[in-house]
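For reference, the structure is listed below as structure tokens.
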Amino acid sequence: MKRSGILGEILETMRKLNLMIMFLQETKRPGDDTYRSGEYYTVNCGRSGREPYGVAIILHFSLLKHIVA
């Protein structure tokens, strides 16, 4: 499955290296959102302003059953 952009590159690298979780900083993506992209879930937390900033966590869907809120 082909994806474009930075997220597509990150997900492809995670698949190749068999990574189940990745933490990202300095995403510069404003707003909070959660979405599924293939077999991974992405959780973003960012703030807008003069210089937007944020962090993100990318999880393999198989890890969700182990998360306690």
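Among the residues of region 44-69, just one is in contact with a helix residue (DSSP H, G or I) (Cβ under 9 Å, 6 or more places away or on another chain) and of a type in the set (Val, Ile, Thr), namely 58.
Scanning region 4-50 for residues that are within 23 Å of residue 62 (Cβ to Cβ) and in a strand (DSSP E or B) yields a total of 15.
One residue alone among 49, 38, 31 is of a type outside the set (Lys, Arg), touching a Gly at 6+ places or on another chain (Cβ under 8 Å) and open to solvent by less than 90 Å² (accessible area, probe 1.4 Å), and that residue is 31.
The values are calculated or read from the model by the stated rules, or taken from the named source; none is laboratory data. Just so it is clear, the structure is predicted and the values come from calculations on it, not from any experiment. Using ideal geometry, Cβ is built from the backbone for each residue, glycine included, and neighbour counts are taken over all protein chains shown. In case anyone asks, the SASA skips ligands and DNA or RNA and just uses the protein heavy atoms, side chains included. Shrake-Rupley method; radii C 1.70, N 1.55, O 1.52, S 1.80 Å.
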